[in-house]
Every structure is written in structure tokens, then in C-alpha cells.
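Visitor: To start, I am sharing the structure in question, which I have written as C-alpha cells.
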Amino acid sequence: MQALDLGLVVPTALLIAALAWRRTAAGQVLASVYVVTSVAMSAAIVSMLLSAGLVEGSFEVPPIVIFGTFLVATLALAVRMYRPPSDTYRAAEGGLGWLPK
């Protein structure tokens, strides 16, 4: 599983990040899809670690903290990405600047 993660997921994330940083259309679309995948993956890992801790009676705190932090960060990023732009942003970009504030 680590080979799949390091060999496929990480390079894909880096490619999508580069495309999104350049603000290409493909980068924006792929980043919006990938952020949902990241939220789902980190939530699944945290829930797996918590359920394993309940069954075994001892929790592995460092991975729970690491992936929990990643979950919160990707959720914040997803909220920011899926929130509609403000009128100020639209006016600065030149599109729909005629809307009242």
C-alpha cells in the first residue's frame, strides 16, 4: 500500500498542485476533485486508527494527531475552494463587477 501511495498518489498530488498554482483550468478542476479525495482518505485513516484503538485498548496518538491535522487542513481548503467568490473578488477580476455589494 505504501508503494501505491508514494508511487501514484504523491506524484499525482504534486502535478495537480503545480497545475493549480499556475491557475490552469485543468488544475482547478483536478484540485477540486483531489481535495475531496484527500478529505475522504484522511477521515478514513483517522476513523481506522480510532476504531483500532478502541479494539486494542491503546491509541496511537502521533498518527491520529498527524492525520487529524491533515483532515482539518484539507477541510478548510475544501471550504475555501467551494465557497462562491465574494463581490470584491469578482470586481477585482473584472467579471460580474456590476453586482451590488
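Visitor: Scan the stretch 21-36 for residues that are assigned to a helix (DSSP H, G or I) and either open to solvent by 60 Å² or more (accessible area, probe 1.4 Å) or touching a Ser or Thr at 6+ places or on another chain (Cβ under 9 Å) (or both) and jot them down.
Guide: Trp21, Ala25, Gln28, Val29, Leu30, Val33, Tyr34, Val35, Val36
Visitor: For the stretch 11-20, which positions are open to solvent by 50 Å² or more (accessible area, probe 1.4 Å), aliphatic (A, V, I, L, M) and either under 14 Å from the mean Cα position of the chain (by Cα) or under 12 Å from Met81 (Cβ atoms) (or both)?
Guide: Listed by number, the residues that qualify are Leu14, Ala17.
Visitor: Among the residues of the stretch 40-59, which ones are in a helix (DSSP H, G or I), farther than 18 Å from Ala73 by Cβ and not β-branched (Val, Ile, Thr)?
Guide: Within the stretch 40-59, Met48, Leu50, Ser51, Ala52, Gly53, Leu54, Glu56 meet the criteria.
Visitor: A further question follows. For the stretch 1-10, what are the residues that are more than 19 Å from Ala73 (Cβ to Cβ) and open to solvent by 60 Å² or more (accessible area, probe 1.4 Å)?
Guide: Of everything in the stretch 1-10, those that are more than 19 Å from Ala73 (Cβ to Cβ) and open to solvent by 60 Å² or more (accessible area, probe 1.4 Å) turn out to be Met1, Gln2, Ala3, Leu4, Leu6, Leu8.
The values are calculated or read from the model by the stated rules, or taken from the named source; none is laboratory data. Computed from a prediction, not measured in an experiment: that's the story for all the values here. All Cβ positions, even for glycine, are placed from backbone atoms using ideal geometry, and neighbour counts span all protein chains on display. Remember, those area values only see protein heavy atoms, side chains included, never the ligands or the DNA or RNA. Shrake-Rupley method; radii C 1.70, N 1.55, O 1.52, S 1.80 Å.
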